[in-house]
């Protein structure tokens, strides 16, 4: 059974526009015929520009919103019909919304979650101890949440959504505002979580680092439609249309623009080239410059995932 | 560890344990700042006391108002302070329903496996309401001392205060749930509360005609203040029955309205969902 099954999901919002006595209804189609299957234990990123429909999608899948029409099951349950039952099986983390009590320690909040999720005390203690070790929060679990750094707080936020051992965890912008070290730690933890507990991870993020580090599959949504759904590794290969080449010559060399080859930067010994792979055969080009010039060093660079995704957004 | 072992009782006991833990957590937050707690409780006590001082001078000048004297004001102040205080002390989230709806904060309650309305109203405590309860208790005590204590009256007083508390809860849920239909109605909800609370602090004998109808059925102040005092004073069971029906009507109406509104929220007219 799939962890998530979605077929022809549509969501339309109706807004009032205009002045008090001349109001008009404006309809916005937030999701258009979305179909998606996610396997148990899969790590999937749902990405897209602002207003693409990511949050709407996550809110429908967690039972917060009703769709206009369509079918969806999460852990075998219809989210908008079985909201409470589903909540026992999923965890949610909204990066910009805290689930912890600001003035109390994280441990105090965790104790409340024991009652919310009706977990037997010994089961709860065992799981909490395990998560404390996995997330390395021993040092600050008893400090008031208001005194924690954002990175420490996010680790506690995620623990609070994992105490009931959910089959799926939905993370909406989990690394927003974190510094690079805190981001890396959090990504490591989530990867370990997926490996150790086989928890399905469904993530939305604007940070491509999250996607590359965590998600084996990427779904790109734009204007309410899925425009790309493929393995994250393949995404770059499929959509890379340009490569950068850094060449260092052994002696001063003059290098000029050619068809499909653009010189971005140069000096006597170095040149930075951008190649349009639709016009240039990369292998032949490389062989040609190696045989033609006296080369000391060469470095090939793919565009970052961020550049790839930006180009996809622009095209679609 | 992969196997979930959760004791999903799904019964009243589980919900009771959850609410108890929620209240315990909220009280822990409130008591984290002890001096603030005391200042708020004492402040509210003094605030309510000022009403009695005003009424003392009013009755000293005018004697009585349609049969009501200053001693009845102890009963009225006691009932209003106790019922309003009980309706928000441990359930102050009831006053923030409108704000939660307007700012899309209902989401955090909807992802929990619990009743959304209960989760929301039990999410906060109001410290100053303990001042209301303390002051209300003192007033009722004084009322019994000066009008004569009887066991019958005492039981009736407990019942009417419970009913008035439920009526307050229903009224607050209804006025706060308007935000499902009217965007950003926080101010409106507060104005409706102030209108009702303000009128509740006057003896109903001063209202006649349309204002009396208004403060009985639209803003149910009379059911929250003067009528309970009359019931205690006269041990009037027919009025008690009327209050029971009225409190049940407003509370059930509030629950129905909230749940209907929640469907609208789910169907997505909130800010920032796209």
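What the table below lists for this structure:
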quantity	calculated
Selection within region A:84-109 - modelled with pLDDT of 85 or more, at the interface with another protein chain (Cβ under 7 Å from one of its Cβ atoms) and under 20 Å from the mean Cα position of the chain (by Cα)	A:92
Residue tally, condition more than 14 Å from every other protein chain (Cβ to nearest Cβ) and under 20 Å from the mean Cα position of the chain (by Cα), over region B:16-52	11
Checking residue A:124 against (1) touching a helix residue (DSSP H, G or I) at 6+ places or on another chain (Cβ under 6 Å); (2) in a helix (DSSP H, G or I); (3) more than 13 Å from residue B:25 (Cα to Cα); (4) at the interface with chain B (Cβ under 7 Å from one of its Cβ atoms), the condition it does not meet	(4)
Any hit, region B:84-100, residues being more than 14 Å from chain A (Cβ to nearest Cβ) and not in a helix (DSSP H, G or I)	yes
Residues of region B:106-139 classified as more than 22 Å from residue B:224 (Cβ to Cβ) and part of a helix (DSSP H, G or I), total	8
Subset of region B:167-195 [surrounded by fewer than 22 Cβ atoms within 10 Å (Cβ to Cβ) and assigned to a helix (DSSP H, G or I)]	B:174, B:178, B:186, B:187, B:188, B:190, B:191, B:192, B:193, B:194, B:195
Of all residues in region A:42-51 being within 17 Å of residue A:11 (Cα to Cα) and surrounded by fewer than 24 Cβ atoms within 10 Å (Cβ to Cβ), the one that is farthest from the other protein chains (Cβ to nearest Cβ)	A:50
In region B:101-129, the residues that are more than 12 Å from every other protein chain (Cβ to nearest Cβ) and over 30 Å from residue B:78 (Cα atoms)	B:101, B:102
Those residues of region A:56-79 which are buried (at least 19 other Cβ atoms within 10 Å of the Cβ) and under 21 Å from residue B:261 (Cβ atoms), in sequence order	A:56, A:59, A:60, A:62, A:63, A:64, A:65, A:67, A:79
Strands (runs of 3 or more DSSP E) lying entirely in region A:239-316 (those with 1 or more residues that are within 30 Å of residue A:219 (Cα to Cα))	A:242-249, A:270-276, A:295-301
Enumeration of residues in region A:127-144 that are under 26 Å from residue B:115 (Cα atoms) and within 11 Å of another protein chain (Cβ to nearest Cβ)	A:127
So residue A:48, is it touching a helix residue (DSSP H, G or I) at 6+ places or on another chain (Cβ under 7 Å) and at pLDDT below 90	yes
Residue within region A:62-72 that is at pLDDT 90 or above, within 17 Å of residue A:92 (Cα to Cα), within 11 Å of chain B (Cβ to nearest Cβ) and touching a strand residue (DSSP E or B) at 6+ places or on another chain (Cβ under 6 Å) present	yes
Filtered residues of region A:110-121 (kept if part of a loop (DSSP other than H, G, I, E, B) and more than 7 Å from chain B (Cβ to nearest Cβ))	none
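The values are calculated or read from the model by the stated rules, or taken from the named source; none is laboratory data. As the structure is a computational prediction, the values presented were derived from the model and not from experiment. Methodologically, a virtual Cβ is constructed for each residue, glycine included, from the backbone with ideal geometry; neighbour enumeration extends over all protein chains shown.
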